[in-house]
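Reviewing the structure listed below.
What follows draws every value from the coordinates through simple rules; no lab data is involved. Just so we're clear, the structure is a prediction, and the values are computed from it rather than from any experiment. Virtual Cβ from ideal backbone geometry, glycine too; neighbours counted across all protein chains shown.
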Amino acid sequence: MSTLWHGRFAEGPAEELMAFTVSLPFDQRLAVDDIAGSRAHLGGLARGGIITEAEAASVLDALDAVEQELSSGAFAFAPSDEDIHTAVERRVTELAGPAGAKLHTGRSRNDQVATDLRLYTKRALSDVGARIAALQDVLADRAAKVGTAYLPGYTHLQRAQPVSLAHHLLAHGWALARDVDRLADCRRRADVSPLGAGALAGSSLPLDPAGVAADLGFAAPFENSLDAVSDRDFVAEALFALTMVAVHLSRIGEEVVLWSSEEFGFARLDEAYSTGSSMLPQKKNPDIAELARGKAGRLIGNLTGLLATLKGLPLAYNRDLQEDKEPLFDAIDQMSLALTAVTGLLATLRFDIERMQEAADTPQASATDLAELLVERGMPFRDAHAAVGALVRESLDGGARLSDLVAAHPDLGADAVALLGPGVSVTRRTTPGGAGPAAVAVQLARFRARLDADASRFDP
Ligand code: ARG
């Protein structure tokens, strides 16, 4: 067997070497980007007079044919194809002859693979961005449709104060808005072309890094060839941004698991988005929610694995960098599937509003309202907190109903009892960004405006 680099070797590669070092099984995914990079590179070579227009045209035809073969599945990989770059170049040379052998002029697989991976990352992050937008749309729609429904808000998973259901849903929407922001920001830094850096130092030939960068739709060419071929910050950043998405989905997943339990009973899963048990006939399980929770662990592993690979690498290219692809591809695949599944899960979830409101309507849920009423009447907050706390304790100890204690209290009285009524407390959270229906209506409009503004964030 002979590889592209076997000129300086008298012997062919050991089987174990090939088995251990090939990346073709996973980097085939970069085929479209590799071909796009080669087209742009050819244009640069022709502009620099390094190859003739006729040679460029015949290699372009060969690239078209290779693209066709790859997309139809007719492409025959050879045992010597170490990676997608060598596979494409080998086939181009078979088809175009001596002109094909000029394709790699002034180029190394080091700048080539970095270019391919940046093109891929830009496209993949845009796609994830669109999937997040679809999930945010569902959250906004459901927030609008549930109107003034409310449920207990929790801290420490203990009932704290009632909040609008729309407010709770939008809390997840805003977290995802930060994810969109991070993905768009990360995509911006990925938007730099390494092509023309060569193996590490540039070239003696009149290459055109700025021209090929523009042809490939990159915002700019590299500034430093050593950095261009060895920088994988964009992969690490993409993995962090995707991992943060995973962590956010895991929190949504956990709440769906809780809400759909009989103990909470706040939501029922649609049959198409739940699973049964192989042994227990009565079961309806929230597997999407659980996997949304579970996948976060896998993405955290992808991120930390890559950071460990990058740590301590000397300039410039090292083969360790080949380990950048699988974690990235896996994170993209998993989040694409997870986002779409969770979108369907939330779109079809049925809320049991009655049950939620019943859980929120305990008299103790209005304790803060009573304390705030005392504050309005001039009592220092710490004293008000203690006074109401004492009433709550007395009522829980079975002494008397809280409403009777409130009515009898010299600083509270009958008008304070009105605060204990069902659904009253939540309407009193009127401050901007607060949980009451009036503030939430403003928030929902702001959220929708944010979604509109974000819609163009990933435009090329
Ligand atoms: N498959 C390699 C990678 O993904 C391509 C670059 C190989 N470069 C080299 N100098 N061996 O990193």
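A few notes on this one:
- Checking residue 13 against (1) surrounded by 16 or more Cβ atoms within 10 Å (Cβ to Cβ); (2) more than 16 Å from the ligand (Cβ to nearest atom), the condition it does not meet: (2)
- Any hit, the stretch 74-82, residues being part of a helix (DSSP H, G or I) and surrounded by 16 or more Cβ atoms within 10 Å (Cβ to Cβ): no
- Neighbours by Cβ (under 6 Å, 6+ apart or cross-chain): first from the stretch 310-338, closer than 13 Å to residue 234 by Cβ; second basic (Lys, Arg) and not in a helix (DSSP H, G or I): 310/232; 324/232
- Residue, farthest from the chain's Cα centre (by Cα), within the stretch 1-42, restricted to residues that are of a type in the set (S, T, N, Q) and in a loop (DSSP other than H, G, I, E, B): 2
- Options 254, 237, 271: the member that is buried (at least 19 other Cβ atoms within 10 Å of the Cβ) and in contact with a Lys or Arg (Cβ under 9 Å, 6 or more places away or on another chain): 237
- Here the stretch 61-73 is the region considered, the condition is being crowded, with 20+ Cβ neighbours inside 10 Å and not small (Gly, Ala, Ser), and the residue that is farthest from residue 206 (Cα to Cα) is 70.
- Of all residue pairs spaced 6 or more apart or on separate chains, those with beta-carbon atoms under 9 Å, a first member in the stretch 82-93 that is of a type in the set (Ser, Thr, Tyr) and a second member that is in a helix (DSSP H, G or I) and within 14 Å of the ligand (Cβ to nearest atom) are 86/24; 86/109.
Listed here are the residues, each with its yes/no results for (1) among the hydrophobic types (A, V, I, L, M, F, W, C); (2) farther than 27 Å from residue 50 by Cβ; (3) touching a Ser or Thr at 6+ places or on another chain (Cβ under 8 Å).
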residue	(1), (2), (3)
94	no, no, no
119	yes, no, no
122	no, yes, no
126	no, yes, no
133	yes, yes, no
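- Top-ranked residue in the stretch 199-215 [being surrounded by 22 or more Cβ atoms within 10 Å (Cβ to Cβ) and assigned to a loop (DSSP other than H, G, I, E, B); ranked as nearest to the chain's Cα centre (by Cα)]: 208
Here is a yes/no grid of residues against (1) under 25 Å from residue 187 (Cα atoms); (2) surrounded by 21 or more Cβ atoms within 10 Å (Cβ to Cβ):
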| residue | (1), (2) |
| --- | --- |
| 91 | no, yes |
| 113 | yes, yes |
| 119 | yes, yes |
| 130 | yes, no |
| 147 | no, no |
| 162 | no, yes |
| 170 | no, yes |
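- Scope the stretch 404-427; condition crowded, with 19+ Cβ neighbours inside 10 Å and under 24 Å from residue 149 (Cα atoms); matching residues: 416, 417, 419, 420, 425, 426
- Residues of the stretch 36-60 that are touching an Asp or Glu at 6+ places or on another chain (Cβ under 9 Å), surrounded by fewer than 20 Cβ atoms within 10 Å (Cβ to Cβ) and not basic (Lys, Arg): 36, 43, 46, 48.
- Matching residues, the stretch 294-330, being of a type in the set (A, V, I, L, M) and either assigned to a helix (DSSP H, G or I) or in contact with a Leu (Cβ under 7 Å, 6 or more places away or on another chain) (or both): 296, 299, 300, 303, 306, 307, 308, 310, 315, 316, 321, 328
- Residues that are buried (at least 20 other Cβ atoms within 10 Å of the Cβ), among the hydrophobic types (A, V, I, L, M, F, W, C) and more than 7 Å from the ligand (Cβ to nearest atom), drawn from the stretch 317-330: 328
- Among the candidates 343, 304, 309, residue that is at negative phi and within 16 Å of the ligand (Cβ to nearest atom): 309
- For the residues 406, 426, 417, 440, the requirement of being free of Cβ contacts under 8 Å to residues at least 24 places away in the same chain and either in a loop (DSSP other than H, G, I, E, B) or of a type in the set (Val, Ile, Thr) (or both) singles out 417.
- Members of the stretch 91-116 that are part of a helix (DSSP H, G or I), within 14 Å of the ligand (Cβ to nearest atom) and not hydroxyl-bearing (Ser, Thr, Tyr): 109, 110, 111, 112, 113, 114, 116
- Qualifying residue in the stretch 162-174 (condition: touching a residue at least 60 places away in the same chain (Cβ under 8 Å), β-branched (Val, Ile, Thr), assigned to a strand (DSSP E or B) and farther than 24 Å from residue 327 by Cα): yes
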